[in-house]
Amino acid sequence: MASVTIQNIDKSFGTVKVLNGVSIDIEDGEFIVLVGPSGCGKSTLLRIIAGLENQNSGSIKIGNNIVDNLHASLRDIAMVFQSYALYPHLSVAENISVPLRMRRLNFLQRFPIIGRFIPGSKAAKASIKKDVDEVTEMLGIEELLHRKPGQLSGGQRQRVAVGRAMVRHPQAFLMDEPLSNLDAERRVHMRAEIAELHRRLESTFIYVTHDQAEAMTMADRVAVMMDGDLLQVDTPRNVYANPVDIRVAEFIGSPKINILSAQSNDTGDVNVGDMVLAGVKSAAKNSKIQVGVRPEAVTLEPKNSAGIPCHIVHHENLGSEAYFHVELNSGERVISRMDASAIDQFSTGHDASVMLHSNNVLLFDNDGQRIVTHNEVVM
Amino acid sequence: MIEKVTKTVDTLNQAAGLKRAENRAKWVSYLFCFPAVSLMFIILLVPIFVAGVLSFTDYSLGNPDLNWLGSKNYEVIFGRSSYQKMIWATVTYVVVVVPISIGLGLGAAMLINSVGRIGELYKTIYFLPVMAALLAMALVWDLALHPTVGIVNQTLRLGCGTWIEGLFSFGWLPWVDGAQSWYSTSCADEFPLWIGDRDYAMPTICFIGIWQAFGFNMVLYLAGLTGVPRELYHAAAIDGVTNTWDQFRLVTWPMLGPTTIFVVTITSINSFKVFDTVEALTWGGPAKSTYVMMYAIFEKAVKENLVGFGSAITIVFLFFVLLITFTQRFLVEKRVHYS
């Protein structure tokens with residue numbers, strides 16, 4: 001168990017720059033999720049932490065040790081791979097025991113037949129078996145011990161891969177999209193299981209995913225990466241409610257946040273089309289800005305009431321709630337998320353008005369940076 | 001009532017019609033298979049059967065008489081010393097060429113896989129002997145190994161009396177007497193006749209076989225190596241594998257299992273079939289030391305027109321090849337395919 005400090009990591013493959021000076025301080029026992037679209041550099045960063053890839057510059061510290069020049073096996077970390085990377089010719093028990101065999105048995109003791117006659121190998125093997133049994137019991141895979149990975153389901157393989165990582169109590173766990181090969185139902189289940197495992201082991205977890213639902217549900221803190229830049233590291237709640245960059249706002253949240261073009265005047269009032277956002281004051285005055293509104297902060301009102309006139313293009317009923325896709329006169333599309341009962345009142349093909357809830361509005365300048373907003377309480 | 005009867009008859013007719021159509025479909029399917037199956041019988045299975053029958057006779061081409069000899073041909077093969085030598089020579093060749101050419105092939109493949117672009121060059125060079133016709137290459141070897149004017153002995157002779165002799169006589173090792181070494185005694189006396197010497201002929205034929213076969217094995221292993229998932233090496237690195245040997249034992253060798261089975265089978269069968277080099281260089285001699293089975297079949301059945309006896313050797317040969325194939329199919333293959 002240790003903290004992990006990532007300082008100014010740069011990495012290029014040939015002329016392609018994949019990481020631009022990324023720095024994160026990960027606390028001891030923290031569950032941090034690196035999230036971003038594919039190609040954003042998150043897996044590369046994980047592989048640099050693991051020692052499978054070398055950074056061009058910058059430094060990695062695990063606990064109090066700088067590990068930049070250490071081989072992967074000496075960094076005392078464990079990794080769960082997307083494809084699980086189990087050894088197909090070894091049984092489940094043998095797979096889980098590999099990290100211990102490599103560390104507790106010497107070169108001669110690992111030999112197939114000769115190894116048995118080398119002093120100390122019996123005691124070492126007994127201790128390995130004990131630790132393997134402990135882990136398999138904890139993961140509930142005792143009855144699979146003698147099977148080969150080819151005979152296991154995806155979920156079972158995933159557990160074996162986690163078992164192989166757990167068995168030697170590493171300083172930190174690195175997980176590279178470990179759930180992406182599972183079906184949707186299994187994934188939701190394993191999400192809870194991994195979060196629970198983290199609570200039980202109280203170890204540092206660094207988890208890479210492109211799935212924002214995994215990031216939001218499991219993480220203590222989420223690190224959002226895009227195009228090799230680290231955009232924001234914060235709690236799931238803050239990343240959602242208080243994004244610092246329009247790309248973070250767009251990446252996190254489903255359905256996606258609505259972005260509308262707007263204009264601020266010299267007093268800081270914000271106009272979206274003909275509507276003035278009540279009680280919102282932009283720090284950027286007299287400029288073209290962008291307004292981000294989460295779908296749940298957009299409601300539909302009957303036609304001709306206050307708000308922006310719109311046309312309902314499509315609606316989706318999800319049972320407990322409904323999504324309304326509407327088109328404004330400016331041609332911009334907005335999604336509203338309301339209680340399913342709203343379907344009685346609004347449905348596809350009709351006209352309505354859109355209300356934006358001013359206290360949940362996020363303002364961004366044209367470069368996508370967040371603009372300081374002064375929300376005044378509106379009665 | 002009448003309506004009912006007609007209806008029943010109709011259904012019966014319909015059922016019969018269906019049955020007929022079904023039969024016809026079955027019959028047609030056999031018809032479609034017939035050309036392929038009959039060809040397989042005529043050109044593959046019948047000749048083996050004929051050879052099997054002839055192996056119990058003294059049949060020779062053009063001779064109208066044919067006597068049934070029973071198992072006499074086989075008794076000769078397993079009883080007479082020249083044919084025991086034949087089996088011994090063939091087995092020696094297989095036992096030497098198969099492991100060495102596979103080991104070299106695997107080693108070369110792994111080395112080529114680990115270097116960058118220059119690997120392509122090595123790949124081409126090592127593959128050259130495979131592309132050349134073995135018979136033509138055998139003639140080149142014949143010239144190179146000529147006792148007096150051949151380049152091999154001439155080169156060896158050049159080293160005599162120089163530091164090369166000192167190096168290869170291993171006199172610099174404290175426990176070796178340089179003067180008694182192979183190189184020094186050969187310098188003092190004469191260099192081997194190679195294919196003309198009973199003790200050197202088989203090793204020389206084996207050397208040429210290895211030279212020719214390992215490039216092919218290397219290519220097969222290169223293909224096998226591309227199928228080993230990179231993530232397994234990464235997992236191994238994180239699991240604590242630091243040296244190349246452990247990496248080979250834990251990942252590379254097990255993952256190459258299916259390739260190895262294939263390579264072993266192909267190389268064994270090819271080695272049993274060795275013929276070109278023997279026919280071009282030694283004609284089975286000296287003193288039957290290179291009298292391999294394929295050459296014996298050729299000599300008996302074609303040169304001496306003893307078709308019956310040649311067939312018997314063929315059947316023994318077939319038995320060896322089938323043995324390898326079945327071992328591969330039933331014993332080993334199950335253990336190297338992991339899913």
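The values are calculated or read from the model by the stated rules, or taken from the named source; none is laboratory data. These figures come from a predicted structure and were not determined experimentally. Counting neighbours? That spans all protein chains shown, and the Cβs are built from the backbone with ideal geometry, glycine included.
Worth a mention:
- When residues in segment A:104-134 are screened for being closer than 30 Å to A:Leu201 by Cβ and within 13 Å of another protein chain (Cβ to nearest Cβ), 6 of them pass.
- In segment A:135-176, residue farthest from the other protein chains (Cβ to nearest Cβ) [restricted to those that are in contact with a helix residue (DSSP H, G or I) (Cβ under 8 Å, 6 or more places away or on another chain) and of a type in the set (S, T, N, Q)]: A:Thr136
- Hits in segment A:81-92 (condition: hydroxyl-bearing (Ser, Thr, Tyr) and either more than 8 Å from every other protein chain (Cβ to nearest Cβ) or over 32 Å from the mean Cα position of the chain (by Cα) (or both)): A:Tyr84, A:Ser91
- Among the residues making up segment B:188-201, those that are surrounded by fewer than 20 Cβ atoms within 10 Å (Cβ to Cβ) and either within 14 Å of the chain's Cα centre (by Cα) or not in a loop (DSSP other than H, G, I, E, B) (or both) are B:Ala188, B:Gly196, B:Arg198, B:Asp199, B:Tyr200.
- Test result for A:Gly349, outside the structural domain of A:Val239 (by TED's automatic domain parsing) and either free of Cβ contacts under 8 Å to residues at least 12 places away in the same chain or not in a strand (DSSP E or B) (or both): yes
- All positions within segment A:13-38 that are touching a residue at least 12 places away in the same chain (Cβ under 8 Å) and part of a loop (DSSP other than H, G, I, E, B): A:Glu27, A:Asp28, A:Gly29, A:Glu30, A:Gly36, A:Pro37, A:Ser38
- In this structure, B:Tyr295 does not satisfy being in a helix (DSSP H, G or I), within 14 Å of chain A (Cβ to nearest Cβ) and of a type outside the set (S, T, N, Q).
- The one condition in (1) at pLDDT 90 or above; (2) within 11 Å of chain A (Cβ to nearest Cβ) that B:Tyr221 fails to fulfil: (2)
Residue-by-condition table, conditions (1) away from chain B (no Cβ under 14 Å); (2) farther than 23 Å from A:Ala215 by Cα:
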site	(1), (2)
A:Gln7	yes, no
A:Thr15	yes, yes
A:Leu19	yes, no
A:Val22	yes, no
A:Asp28	yes, no
A:Lys42	yes, no
A:Gly51	no, yes
A:Ser73	no, yes
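- Among the residues of segment A:223-263, the one identified as under 15 Å from the mean Cα position of the chain (by Cα), assigned to a strand (DSSP E or B) and of a type in the set (Gly, Ala, Ser) is A:Ala223.
- Filter pass, A:Glu316 being within 22 Å of A:Val361 (Cβ to Cβ), part of a strand (DSSP E or B), at pLDDT 85 or above and charged (D, E, K, R): no
- The listed residues are B:Thr259, B:Thr242, and the only one of them that is within 14 Å of another protein chain (Cβ to nearest Cβ), of a type in the set (S, T, N, Q) and not in a helix (DSSP H, G or I) turns out to be B:Thr242.
- Test: residue in segment B:305-320 that is β-branched (Val, Ile, Thr) and not in a helix (DSSP H, G or I): no
- When each of A:Asp351, A:Asp339, A:Asp365 is tested for being at pLDDT 85 or above and closer than 19 Å to A:Ser264 by Cβ, the lone residue that passes is A:Asp365.
- Test: B:Ser169 is closer than 30 Å to B:Trp88 by Cβ and of a type outside the set (Lys, Arg): no
- Exclusive hit being crowded, with 20+ Cβ neighbours inside 10 Å and either at pLDDT 90 or above or more than 9 Å from chain B (Cβ to nearest Cβ) (or both), set A:Asn65, A:Asn69, A:Asn95: A:Asn95
- The one condition in (1) assigned to a loop (DSSP other than H, G, I, E, B); (2) within 14 Å of chain B (Cβ to nearest Cβ); (3) within 30 Å of A:Leu230 (Cα to Cα) that A:Ala78 fails to fulfil: (1)
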